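S.K.: Can you keep this structure in mind? I'll have questions shortly.
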Amino acid sequence: MAGIDKDALLGKAKNAAKTAGAVAKQAGAAAKQAGETAKEAGKQAADAAGLKLEISKKRNEIAAENRLIDAELQKIGQIYYAHYKSGETELIGETEAFAAEIDAHKEKIEALKKDLEELEALK
């Protein structure tokens, strides 16, 4: 067996170790960069989700306020209709047609209630 040059072999091993160390350092830097990129992407996703949540909250608040307005308008209509039925006020414009529709619906409800009573009596 030919003589092994220990110094040459040791030199090659040191170079390989040095190269492996450099590659590991680069891999570590790449991993760190990937981590920072993922962290930033996560932050942006969280910010976007937070923004969507705030938008949704505002839309829900607007809808809630509109429902409150509708409820108040309904109360005004009920008061106005009650004053009309008691003869305290006259209807104006197209409200006469609405009042006639309300009266027709109330008559139908009374007829349905009568039918219901008759059905319940058959039990």
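FYI, it's all coordinate maths here, none of it is from the lab. Just so it is clear, the structure is predicted and the values come from calculations on it, not from any experiment. Here the Cβ is made from the backbone with ideal geometry for all residues, glycine too, and neighbour counts use every protein chain on show.
S.K.: Tell me which label goes with the value of Kirkwood radius over Cα pairs in Å computed from the coordinates here: (1) 18.4; (2) 23.9; (3) 17.4.
M.R.: (2)
S.K.: Tell me the label-point distance for the pair A121, A63, using the 7 Å Cα-to-Cβ offset, in nm and rounded to one decimal.
M.R.: For A121 paired with A63, the spin-label model returns 4.6 nm.
S.K.: Take the alpha-carbon centre of the stretch 58-75, take the same for the stretch 77-110, and report the distance between them in whole Å.
M.R.: With the stretch 58-75 and the stretch 77-110 each reduced to a Cα centre, they are spaced 24 Å.
S.K.: To continue, here is another question. Would you calculate, for the chain, the mean residue ellipticity at 222 nm contributed by helices, counting each DSSP H stretch of 4 or more residues as -39,500 (n - 2.57) and dividing by all residues, to the nearest 500? Show your work: numbers first, answer last.
M.R.: Details: 2 runs with 107 residues, N = 123.
Value at 222 nm, helices only: -32500 deg cm²/dmol.
S.K.: Using R₀ = 25 Å, calculate the FRET efficiency as 1/(1 + (r/R₀)^6) where r is the Cβ-Cβ separation of A100 and D70; round to 0.05. Display every interim value, and only then the final one.
M.R.: Numbers: r = 22 Å, r/R0 = 0.90.
Result of the calculation: an efficiency of 0.65.
S.K.: While we're here: Please find, in a Gaussian network model of the chain (springs between Cα atoms separated by less than 10 Å), the residue of A41, A22, A82 whose mean-square fluctuation is greatest.
M.R.: A22
S.K.: Output wanted: per-residue J couplings in Hz (rounded whole) for the stretch 65-71, from phi through Karplus 6.51 cos²θ - 1.76 cosθ + 1.60, θ = phi - 60°, x for Gly and Pro.
M.R.: 5, 5, 5, 5, 4, 4, 5
S.K.: Now, a different point. Applying 1/(1 + (r/R0)^6) with R0 = 35 Å to the Cβ-Cβ distance of A111 and S56, what FRET efficiency is obtained, to the nearest 0.05? Could the numbers behind the result be given before it?
M.R.: Details: r = 45 Å, r/R0 = 1.29.
In this case the efficiency is close to 0.20.
S.K.: Among the aspartates and glutamates, select those whose C-alpha is under 19 Å from the C-alpha of K108, and discard any that sit fewer than 8 residues away in the same chain.
M.R.: Answer for K108, where 19 Å is the Cα cut-off: E96, E117, E118, E120, listed by chain and number.
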